[in-house]
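Reading through the structure tokens given below for one structure.
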Amino acid sequence: MTFTQEKTLAAKVRSDFPILDQEVDEKPLIYFDSAATSQKPLAVLNTLRNYYERDNANVHRGAHTLSIRATEAYEGARDKVAKFINAASRQEIVFTRNATEAINIVAYSWGLNHLKAGDEIILSVMEHHSNIVPWQIIAQKTGASIKYVGLTESEELDLEQFKSLICERTKIVAIAHVSNTLGCINPVEEIIAIAHQYGAKILIDACQSVPHMPINVQAMGCDWLVASGHKMLAPTGIGFLYGKQALLEEMPPFFGGGEMISEVYLDHFTCGELPHKFEAGTPAIGEAIALGAAVDYLTEIGLDNIHTYEEELTAYLFEKLESIPNLRIYGPKPTKDGKGRAALASFNVEGIHASDLSTLLDREGIAIRSGHHCTQPLHRLFDASGSARASLYFYNTCEEIDTFVKALKETIDFFNSVME
Ligand code: C6P
């Protein structure tokens, strides 16, 4: 295998991420935890800093220069996000704190007002807790019930089972585009088309896809899509909800307060226009503007290039991990050229606790995540309390995979020798 693209892409961008150029325990840092949160390039850091150094003011309120600048940059970021996912209009992008908040807005605003006893919600067993718990709360409040799509033998979403579960009672389907634990890429276009045939609405949790592959919400046809900025090079505290305009128009506000109103009287209020109707209170202005910078940065590299490069990383990661005895990776295998899944691997090694692995790897400067990755129901299916997870992004290299796999093998040998 040649790593021509790696040399061009990771080598080209690496110096944009100053945090990666450091040592942990006197070893060069290898950051393999981007599914939890990505690192931020200088373009994003500088945008945030410039905003606070030059333009900081509240938005939509003042007539003074700084407020006008802040408002223009904040609304400009909305335009960038809308274009990035090909929304039909800027009104369809609501800034939120993160994907979790975006899902809660849909669950409370739409779910609470549309679901009733006898209605059904379809989720999958691989959903992040953020896409389970809000629906459980709404189901409890409305009397609706939840059905879960399971996995095939190859540990992907069972599309046939989905087809057998969906029916006229299904009012909403909420599914991850890419699983943060299994790494599988779900056939969302097909799922959306089927959901719509039954008149059900559909929400796509795109937390793990928006940072890594081109997303076109109009081509996809979803009703809502959510993502978190911090997984796509932006700061924490900013994410977005995409919703079809007609749906967002019809949904009542979830949070009440400043910004989201048109008129307030002592006994009632009238709603502001979209998207402000859902953005009560002072928003994360600098963070939203920095999200706009992240979108610019990703667009300049090209999501196709990122996706292709990550396929190379995936192929290499799997080739190496699969050579380790007694190591079990969850989710589907990629093709030889790394297609069909995300550049992440959740795994367990027989007889060794995942958190022990990650603690010892940290001493080698390698950052991986261990735990249940907020997918407890999925881990329970595998009879595992948690797993170790290496998750990569376009700034990672095959040399880092080599170092990681070598350190992992040594760690496993160490534990095996202690247990003998
Ligand atoms: N997954 C992970 O390490 P928030 O916390 O709102 O930014 O994102 C929630 C979320 C929703 N859906 C998916 C598919 C996700 O992966 C996440 C976040 C992180 O896997 C933190 S648990």
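Any residue that is surrounded by fewer than 17 Cβ atoms within 10 Å (Cβ to Cβ), of a type outside the set (A, V, I, L, M, F, W, C), within 26 Å of S130 (Cα to Cα) and free of Cβ contacts under 8 Å to residues at least 12 places away in the same chain - is there at least one of those in the stretch 316-327? No; the residues of the stretch 316-327 include none that is surrounded by fewer than 17 Cβ atoms within 10 Å (Cβ to Cβ), of a type outside the set (A, V, I, L, M, F, W, C), within 26 Å of S130 (Cα to Cα) and free of Cβ contacts under 8 Å to residues at least 12 places away in the same chain.
Listed here are the residues, each with its yes/no results for (1) β-branched (V, I, T); (2) more than 29 Å from I175 (Cβ to Cβ); (3) at pLDDT 95 or above.
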| position | (1), (2), (3) |
| --- | --- |
| E364 | no, yes, yes |
| L381 | no, no, yes |
| S385 | no, no, yes |
| Y395 | no, no, yes |
| I401 | yes, yes, yes |
| D413 | no, yes, yes |
| V418 | yes, yes, no |
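Against the test of being more than 16 Å from the ligand (Cβ to nearest atom) and surrounded by fewer than 22 Cβ atoms within 10 Å (Cβ to Cβ), the options I194, I172 yield a single qualifying residue, I194. Every listed requirement among (1) within 11 Å of the ligand (Cβ to nearest atom); (2) of a type in the set (G, A, S); (3) on the phi > 0 side of the Ramachandran plot is met by G257 save one, (1). The residues of the stretch 387-412 that are of a type in the set (A, V, I, L, M) and within 16 Å of the ligand (Cβ to nearest atom), listed by number, are A388, A390, L392. Of the residues screened, L233 is one that is aliphatic (A, V, I, L, M), at pLDDT 95 or above and on the phi > 0 side of the Ramachandran plot. Report yes if L392 is on the phi < 0 side of the Ramachandran plot and crowded, with 18+ Cβ neighbours inside 10 Å, otherwise no. Criteria met by L392. Go through (1) buried (at least 17 other Cβ atoms within 10 Å of the Cβ); (2) without any contact (Cβ under 8 Å) to a residue 60 or more places away in the chain for V13 and report which single condition fails. (2) is the only condition that V13 fails. For the stretch 109-117, state whether one or more residues are outside any strand (DSSP E or B), within 24 Å of G386 (Cα to Cα) and aromatic (F, W, Y). Scanning the stretch 109-117 turns up no residue that is outside any strand (DSSP E or B), within 24 Å of G386 (Cα to Cα) and aromatic (F, W, Y). Scanning the stretch 334-352 turns up no residue that is surrounded by fewer than 18 Cβ atoms within 10 Å (Cβ to Cβ), within 16 Å of the ligand (Cβ to nearest atom) and not assigned by TED's automatic domain parsing to the domain that holds N186. Among the residues of the stretch 353-397, those that are over 23 Å from P18 (Cβ atoms) and among the acidic types (D, E) comprise D356, D383.
So, G62, is that one away from the ligand (no atom under 16 Å from the Cβ) and free of Cβ contacts under 8 Å to residues at least 60 places away in the same chain or not? For G62, the condition - away from the ligand (no atom under 16 Å from the Cβ) and free of Cβ contacts under 8 Å to residues at least 60 places away in the same chain - is met.
In the stretch 111-164, the residue that is farthest from the ligand (Cβ to nearest atom) out of those that are loosely packed, with under 15 Cβ neighbours inside 10 Å and of a type in the set (S, T, Y) is S164.
Among the residues of the stretch 120-168, those identified as more than 22 Å from H373 (Cβ to Cβ), in contact with a helix residue (DSSP H, G or I) (Cβ under 9 Å, 6 or more places away or on another chain) and not in a strand (DSSP E or B) are I138, A139, K141, T142, A144, L159, F162, K163, I166.
Being outside the structural domain of D337 (by TED's automatic domain parsing), farther than 19 Å from P275 by Cβ and among the basic types (K, R) is a property that R97 lacks. Looking at V149, V125, V133, just one residue is among the hydrophobic types (A, V, I, L, M, F, W, C), in contact (Cβ under 8 Å) with a residue 60 or more places away in the chain and not assigned by TED's automatic domain parsing to the domain that holds G331, and that residue is V125. The residue list Q218, Q208, Q245 contains one member that is buried (at least 17 other Cβ atoms within 10 Å of the Cβ) and touching a residue at least 24 places away in the same chain (Cβ under 8 Å), which is Q208.
Checking every residue in the stretch 397-406 against the condition of being assigned to a loop (DSSP other than H, G, I, E, B), surrounded by 15 or more Cβ atoms within 10 Å (Cβ to Cβ), touching a helix residue (DSSP H, G or I) at 6+ places or on another chain (Cβ under 6 Å) and among the polar types (S, T, N, Q) gives at least one match.
The values are calculated or read from the model by the stated rules, or taken from the named source; none is laboratory data. A quick note: this is a predicted structure, and the numbers were derived from the prediction, not measured. All Cβ positions, even for glycine, are placed from backbone atoms using ideal geometry, and neighbour counts span all protein chains on display.
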